[in-house]
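Participant: Starting off with a structure, shown below.
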Amino acid sequence: MIQGLSLRRRLLVGILVPVVALTAFNGASLYRQALVAANTAYDRTLLASAKVIGEQLDVEGYDELAQLHATVPYSALEAFEADNRSQMVYRVSNLHGEMISGYAQLPFWRGTLPARPPYAALVDFYDDTYEGREVRVAVLLQPVASSQGRGMAVVQVAETLELRQTLARAVLVDTLWRQAVLVLVLAAVVVLVVQRTTRPVRQLSGELQARPEGDLTPISTAGAPRELLPLLDATNDVMTRLAQLLENQKRFVRDTSHQLRTPLAVLKTQVQSALRHDVEPTQALREISTTIDRATQLANQMLALAKVEQLRQQSQADVTDLAEVVRAVSLDLAPLVADKEIDFGLETVPASVRAHEWMLRELTRNLLHNAIRHTPVHGMLDVRVVADGRAVALVVADGGPGITAELRTRLFQPFSAGDSLTGSGLGLAICDEIVRALGGAITLENRTASGRVVGLDATVRLPLAENGG
């Protein structure tokens, strides 16, 4: 199967197979043409023989009463025989098929003259058999006249095909061996050209195999053929993205181990302190519970970040109404809003987004949870879902203190919390991963009034699903 062939073999097969097939077709066509040419040449000999026989006929009586006479020795045909490989026979008959002279085994002609004979005579050429052998026959309608009568004779001269076929095969063999040499030369040239053309591919393969494990540096494109440049550029792009992914994973694992080690160490210290009765049991349990909550939140968010990457690799998601998700998440977090007595506003319009529902819920939950945590008691928190026909925007406007310019540059990085005491630093990182997986964008902008910061607007823009679904 050609799918399992190497590039070199594909080129060889793709070039040589059509050439060989064309050569075979050309050989068969040439053999037929050679036979036609041989027939044309030797048919003239048959006609000459028929004319010689016709000139030796005599007749008595006129038309229907005519009696034909022929004295034609076989030696009369010897002058027209090319060699002893073929045999010539003849038959002279009247128009009714009654044989006058010749070989009775040669069937009488039952055909019709062509509308346009190839020669200036009443002659026809056809193929027949004589004693089981294939023959070529020339039939001549020869008018015969004498002082004693007038009539019409049918002169047939047949020749076996050995000489014609030998000539055609000689022409074919002479042509085929020349074409065979041409094919061999072409094959050698193709092999050489393909070998030289695919050398850069083999060199590239060798360089990649010789690379040490973990080497993701870009492949050099210096001296590479123009046809390989798109492949090299695409490969370098993939390797660059893979290197960034591996670096992010290493940093994430490093930061995760550090972040998990901290609450576990704190928890161990708190347990040891409680066992030594350094603090009251109630206070110790309260502190342990807080530490466990933070560790649980951190573990859940790390699992969520891993799930985002898992969903990114899955097939195309279904269409989900972002407005319904925002309303459902807002209802889930209503107790937190009520606990801080926040003035909460919700405004939505139907907005279909092609995304997994879990991703939209996690995105909304993290944004609302951050906004509730940073909004002061009795503050204001507005959530809006708006669409413009091509994209949908989810805006979460809290009443918190906003963010500094320095914090803005690293807030979307894992474990870069604005408040290390209340956050794990993964919420916005999860939001950023989800938004990028959905082909959108997220921005954080301070909201000001009278020259001072009065809150933060977190805006997520996502493409609307085509035709709303």
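The values are calculated or read from the model by the stated rules, or taken from the named source; none is laboratory data. As the structure is a computational prediction, the values presented were derived from the model and not from experiment. Using ideal geometry, Cβ is built from the backbone for each residue, glycine included, and neighbour counts are taken over all protein chains shown.
Participant: State which residue pairs qualify: first residue free of Cβ contacts under 8 Å to residues at least 40 places away in the same chain and inside the stretch 198-214, second residue exposed (fewer than 11 other Cβ atoms within 10 Å of the Cβ) in any location, beta carbons under 9 Å apart, and separation of 6 or more residues or different chains.
Facilitator: As it stands, the answer is P200/G223; R211/T217, since those pairs meet every condition given.
Participant: Kindly establish whether Q249 is surrounded by 10 or more Cβ atoms within 10 Å (Cβ to Cβ), at pLDDT below 80, in contact with an Asp or Glu (Cβ under 8 Å, 6 or more places away or on another chain) and under 25 Å from A295 (Cα atoms). Spell out the reasoning first.
Facilitator: Details: surrounded by 10 or more Cβ atoms within 10 Å (Cβ to Cβ): yes; at pLDDT below 80: yes; in contact with an Asp or Glu (Cβ under 8 Å, 6 or more places away or on another chain): no; under 25 Å from A295 (Cα atoms): yes.
No.
Participant: Got a number for residues in the stretch 122-137 being within 18 Å of A48 (Cα to Cα) and not aliphatic (A, V, I, L, M)?
Facilitator: Keep residues of the stretch 122-137 that are within 18 Å of A48 (Cα to Cα), which gives 122-127, 135-137.
Checking the rest, the ones that are also not aliphatic (A, V, I, L, M) come to 124-127, 136.
So the answer is 5.
Participant: Output the residue which, of all residues in the stretch 106-156 that are under 28 Å from Q67 (Cβ atoms) and β-branched (V, I, T), is surrounded by the most Cβ atoms within 10 Å (Cβ to Cβ).
Facilitator: Looking at residues that are under 28 Å from Q67 (Cβ atoms) and β-branched (V, I, T), I get V155.
Participant: To continue, here is another question. Would you point out which residue out of R202, R196 is at pLDDT below 80, in a helix (DSSP H, G or I) and exposed (fewer than 15 other Cβ atoms within 10 Å of the Cβ)?
Facilitator: Details: R196 fails: at pLDDT below 80.
Selected residue: R202, the only one of R202, R196 that is at pLDDT below 80, in a helix (DSSP H, G or I) and exposed (fewer than 15 other Cβ atoms within 10 Å of the Cβ).
Participant: Something else now. Consider only pairs whose beta carbons are under 8 Å apart and that are at least six residues apart or on different chains; among these, list those whose first residue lies in the stretch 332-353 and is touching a residue at least 12 places away in the same chain (Cβ under 8 Å) and among the polar types (S, T, N, Q) and whose second residue is surrounded by 16 or more Cβ atoms within 10 Å (Cβ to Cβ) and part of a loop (DSSP other than H, G, I, E, B).
Facilitator: Taking only residues 6 or more apart or on different chains, the pairs are S352/L464; S352/A465.
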